[in-house]
1. Just for the range 269-283: of the residues that are more than 15 Å from the ligand (Cβ to nearest atom) and of a type in the set (Asp, Glu), which one is surrounded by the most Cβ atoms within 10 Å (Cβ to Cβ)?
2. Considering only the range 85-129, state which residues are part of a loop (DSSP other than H, G, I, E, B) and modelled with pLDDT of 90 or more.
3. Any chance you could count how many residues in the range 211-245 are within 16 Å of the ligand (Cβ to nearest atom) and part of a helix (DSSP H, G or I)?
4. Can you tell me which condition residue 71 does not meet? The list is (1) surrounded by 17 or more Cβ atoms within 10 Å (Cβ to Cβ); (2) at pLDDT below 95; (3) over 26 Å from residue 281 (Cβ atoms), and all the others hold.
5. Here's a check for you: in the range 252-268, which residue that is among the aliphatic types (A, V, I, L, M) and within 22 Å of residue 219 (Cβ to Cβ) is surrounded by the most Cβ atoms within 10 Å (Cβ to Cβ)?
6. Going through 207, 261 one at a time, which residue ends up being more than 12 Å from the ligand (Cβ to nearest atom) and more than 20 Å from the chain's Cα centre (by Cα)?
7. Testing residue 171 on (1) within 18 Å of residue 124 (Cβ to Cβ); (2) within 16 Å of the ligand (Cβ to nearest atom); (3) surrounded by fewer than 17 Cβ atoms within 10 Å (Cβ to Cβ), one condition comes back false. Which one is that?
8. For the range 246-258, which positions are assigned to a helix (DSSP H, G or I) and out of contact with any Asp or Glu (no Cβ under 8 Å at 6 or more places or on another chain)?
Amino acid sequence: MGKNNSTGEEVQNKQVILKDYVTGSPKESDMYIKISTLKFQVPQGSNAILVKNIYLSCDPTMQFQIRKAHKHHSDYYTPGSPIDGFGVAKVLDSGNPNFSASMLGITAYAAIYEIGSLKKGECVFISAATGAVGQLVGQFAKLIGCYVVGSAGSKEKVDLLKNKLGFDDAFNYKEEPDLDAALKRCFPDGIDLYFEQVGGKILDAVLLNMKFHGRIVVCGMISQYNLSEPEPLKNIMQIAFKRLSIKGFTHRDYHHLYPKLLDTVLPYIREKKIVYVEDIVEGLENGPAALVGLFSGRNFGKQIVKLLHQ
Ligand SMILES: NC(=O)c1ccc[n+]([C@@H]2O[C@H](COP(=O)([O-])OP(=O)(O)OC[C@H]3O[C@@H](n4cnc5c(N)ncnc54)[C@H](OP(=O)(O)O)[C@@H]3O)[C@@H](O)[C@H]2O)c1
């Protein structure tokens, strides 16, 4: 917004608009910045909330909104309207006394503490491990006392996992000629729990390296999102041979756990037992590039857009 007042005057509002449904990988040119005006005050009697965004979150799942094929998705997108997502905002005016804000982190918390049922000493593998969700999942698993290995797409990300986030081991999946061999090197006795975020070739290799009765928690499959046809899996029969359990989930089903998340995580943050790596770009104009960059691994940690206000 372009002006700081509270008198109901008109102010500038910037939005990232998608031109049309996207097929294949999203590109910066699929989006444009629209500047419009809005009233700085909620109309009398309305239960609307007027917020000033401070930070916006860039999430891979935002791409589900923008594909025609995903009509089942509750956030089904209409071309020409703004892309929505999570963020941190200041409430400027509200006609709704019951409104309360939420925060990120629930995905990792639900995965480890509710779905994964992790036990001390178990062997855990995490793909896309330096990302927004992966870095927290890994640190939660370490705090429980597990052996934790992550994969990521660059040497710098592997160094981050081993030297800052406390993972026991890590590898760059882009430089491993044989993913099966890489997993056997890190898990000679197999994997108890795989936290799945990537799909495709990594999942296929993981299936060969799961322990009997191992669990796979499916958070996402980012390598498949922009393909016109999903990659086939060769090792799918391992699910039966090894009596594997596979559980998919969405954070939307676990928002009631926010109080538990805060009880668990805030002491860890205060005691500096958890760190969080963020990649902050400045200005809404850089939002489209930040969103597109998630699909090539350009982001180093949680991707955030910091909005600049005049
Ligand atoms: N179930 C839920 O409720 C829920 C909630 C949030 C997120 N998710 C899912 O969780 C996953 C991670 O999300 P996030 O927000 O934490 O994003 P993120 O990990 O911060 O960013 C995405 C990362 O994915 C990796 N990547 C991108 N394309 C890839 C490919 N083709 N093959 C392998 N890795 C690739 C890149 O890391 P590298 O450089 O390491 O390749 C990139 O940095 C996504 O699948 C997302 O859809 C699910």
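1. 282
2. Residues of the range 85-129 that are part of a loop (DSSP other than H, G, I, E, B), as a first pass: 85-86, 95-105, 116-122, 127-129.
Answer for the range 85-129, where residues must be part of a loop (DSSP other than H, G, I, E, B) and modelled with pLDDT of 90 or more: 116, 117, 118, 119, 120, 121, 122, 127, 128, 129.
3. Result for the range 211-245: 3.
4. Single failed check for residue 71: (1).
5. To start, the set of residues in the range 252-268 that are among the aliphatic types (A, V, I, L, M) comprises 257, 261-262, 265-266.
Remaining after also requiring within 22 Å of residue 219 (Cβ to Cβ): 257, 261-262, 265.
Numbers: 257: 17, 261: 19, 262: 14, 265: 21.
Filtering the range 252-268 for residues that are among the aliphatic types (A, V, I, L, M) and within 22 Å of residue 219 (Cβ to Cβ), the one surrounded by the most Cβ atoms within 10 Å (Cβ to Cβ) comes out as 265.
6. Values: 261 fails: more than 20 Å from the chain's Cα centre (by Cα).
On inspection, the qualifying residue turns out to be 207.
7. Only one criterion in (1) within 18 Å of residue 124 (Cβ to Cβ); (2) within 16 Å of the ligand (Cβ to nearest atom); (3) surrounded by fewer than 17 Cβ atoms within 10 Å (Cβ to Cβ) is unmet by residue 171, namely (3).
8. First, pick out the residues of the range 246-258 that are assigned to a helix (DSSP H, G or I): 251-258.
Those that are assigned to a helix (DSSP H, G or I) and out of contact with any Asp or Glu (no Cβ under 8 Å at 6 or more places or on another chain): 251, 252, 253, 255, 256, 258.
The values are calculated or read from the model by the stated rules, or taken from the named source; none is laboratory data. This one's a predicted model, so the numbers in the text were calculated from it and none came from an experiment. Neighbour counts are summed over all protein chains in view; Cβ atoms, including those assigned to glycine, are modelled from backbone coordinates with ideal geometry.
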